[in-house]
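Q: Please read through the structure below; I'll follow up with questions.
Values quoted throughout were computed directly from the atomic coordinates according to the rules given, and no laboratory measurement underlies them. Please read all numbers here as calculations on a predicted model, not as lab measurements. Methodologically, a virtual Cβ is constructed for each residue, glycine included, from the backbone with ideal geometry; neighbour enumeration extends over all protein chains shown.
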Amino acid sequence: MISAPRIFLDGGGDGRQAVDRAFATASRAAGVGRVLYLPYAMEPQRRPGCREWFEAAYGGIFAEVITPEDPSQALVIEGDFGAVYLGGGDTGRLLGTLRSAGLDGLIARHMSRGGLLCGGSAGAIVCGATILTAPPEEHSPRGNDGLNLLGGASVLAHYEGTAAARAGALGRAAELRANALWALPENSGIHLGADGTPRSLGERPCLQFTASGRVSAIPPAAV
């Protein structure tokens, strides 16, 4: 039985890294049988392939993967799944689809019930306060406010850890006046538990940038 919100944020990868394994373990422990997989960051013609990838990555974890062709149909089965997975691709396309189909409200209600959620790349970015951390071509003309599931933090995916990337993250945190900008490298990410404390998972530590110029490593999750 799921009792508290748990969010897993993946900085990018093949779906077999530590973040995904932690999401799978939590799903098993909670007895989750059905997962709502939302690949709407991708163009419609690519979504069947996305589902094939998801089933290959999570084979044996879930009894059923639900991926409505019409995003709004997910509202019909609200509450009939224990986990949500937000796939990667174009961040603005994903956010726009979630909002137009009413899935932003569905996800908020799912989390308030203590549901599990995993977001990969664009799926992680939309969970934050803003999607302006995504590349400019992925910003949305209909608004860039994210789902704001992370206590006001925003997410920077595919963080490279170079001097230029560090300077860019500092500049973006200042521009956004961010209390917290979480930078997630490839094959790494964050587990956000019920107490709202972020913990790093994966090959490299995740970093937190603030508008005041402070940079700190996010502590690793307990193994």
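Q: Please give the helix 163-176 orientation as an angle from the longest Cα principal axis of the chain, in degrees from 0 to 90, rounded to the nearest 10.
A: Here the helix axis deviates by roughly 80 degrees.
Q: Helix 91-101 against the longest principal axis of the chain: what's the angle in degrees, Cα atoms only, rounded to the nearest 10?
A: 40
Q: Given the chain, what whole percent of its Cα pairs are spread farther than 23 Å?
A: Of all Cα-Cα pairs in the chain, 41 percent lie more than 23 Å apart.
Q: At ALA174 and ASN148, where each label point lies 7 Å from the Cα along Cα→Cβ, what is the point-to-point distance in nanometres?
A: My value for the distance between the label points is 2.6 nm.
Q: Counting Lys and Arg as +1 and Asp and Glu as -1, each charge on the Cβ, what is the dipole of region 38-104 about the Cα centre in debye, to the nearest 20?
A: Numbers: 5 positive and 10 negative charges, 44 e Å.
The calculation lands at about 220 debye.
Q: Let me ask something additional. Taking the Cα centre of region 104-174 as origin, sum charge times position over the Cβ atoms of Lys and Arg (+1) and Asp and Glu (-1), and report the length of that vector in debye to the nearest 20.
A: With Lys and Arg at +1 and Asp and Glu at -1, about 200 debye.
Q: Is the shape of region 23-117 rounded, prolate or oblate, going by the alpha carbon gyration tensor and its root eigenvalues a ≥ b ≥ c, with a/c under 1.5 for rounded and a/b larger than b/c for prolate?
A: Oblate, because a/c is 1.5 or more while a/b does not exceed b/c.
Q: To the nearest 10 degrees, how steep is helix 103-112 against the longest Cα principal axis of the chain, on a 0 to 90 scale?
A: 90
Q: OK, next. Counting other C-beta atoms within 10 Å, which of VAL19, VAL65 has the fewest, and how do the rest follow?
A: Numbers: VAL19 29, VAL65 17.
In order of increasing Cβ crowding within 10 Å: VAL65, VAL19.
Q: Let me ask something else. Relative to the present Cα-Cα distance, how much length would full extension add between VAL76 and GLU55 at 0.36 nm per residue of separation?
A: 5.3 nm
Q: Please find, in a Gaussian network model of the chain (springs between Cα atoms separated by less than 10 Å), the residue of GLY49, GLY114, GLY12 whose mean-square fluctuation is greatest.
A: Result for the chain, Cα springs under 10 Å: GLY49 fluctuates most.
Q: Could you let me know the centre-to-centre spacing of region 123-170 and region 68-84, using Cα atoms, in angstrom?
A: 26
Q: Dipole of region 95-223, Cα-centred, from +1 at each Lys and Arg C-beta and -1 at each Asp and Glu C-beta, to the nearest 20 debye?
A: On the way: 10 positive and 9 negative charges, 58 e Å.
Taking the Cα centre of region 95-223 as origin, the dipole is about 280 debye.
Q: For a quick check: with amide H placed at 1.01 Å from N, whose amide H comes under 5 Å from TYR159's, ignoring anything fewer than 5 positions away on the same chain?
A: HN-HN under 5 Å from TYR159: LEU184, GLU186.
Q: Projected onto the charge dipole of the chain (+1 at Lys/Arg Cβ, -1 at Asp/Glu Cβ, origin at the Cα centre), which of GLY213, GLY60, ALA18 gives the Cα projection farthest towards the positive end?
A: GLY213
Q: List the relative contact order of region 60-185 as a percent without decimals, with contacts defined as Cα pairs under 8 Å and 6+ residues apart.
A: Values: 184 pairs, mean separation 26.8, N = 126.
With pairs under 8 Å counted, the relative contact order is 21 percent.
Q: Considering only ILE107, LEU150, PHE81, whose Cα is most displaced toward the positive end of the charge dipole of region 61-164, charges sitting on Cβ of Lys, Arg (+1) and Asp, Glu (-1)?
A: Sorting the options by dipole projection puts first LEU150.
Q: Taking neighbour counts of Cβ atoms within 10 Å as a proxy for exposure, in what order, fewest first, do GLU137, GLU43 appear?
A: In order of increasing Cβ crowding within 10 Å: GLU137, GLU43.
Q: Hey, can you rank 115-122, 164-171 by average C-beta count inside 10 Å, highest first?
A: So the peptides 115-122, 164-171, ranked by packing, come out 115-122, 164-171.
Q: Helix-derived [θ] at 222 nm for the chain: sum -39500 (n - 2.57) over DSSP H runs of at least 4, divide by residue count, nearest 500?
A: Helix contribution divided over all residues of the chain: -8500 deg cm²/dmol.
Q: So for the chain, averaging the separation of alpha carbon pairs under 8 Å that are six or more residues apart and normalising by length, what relative contact order in percent results?
A: 24 percent.
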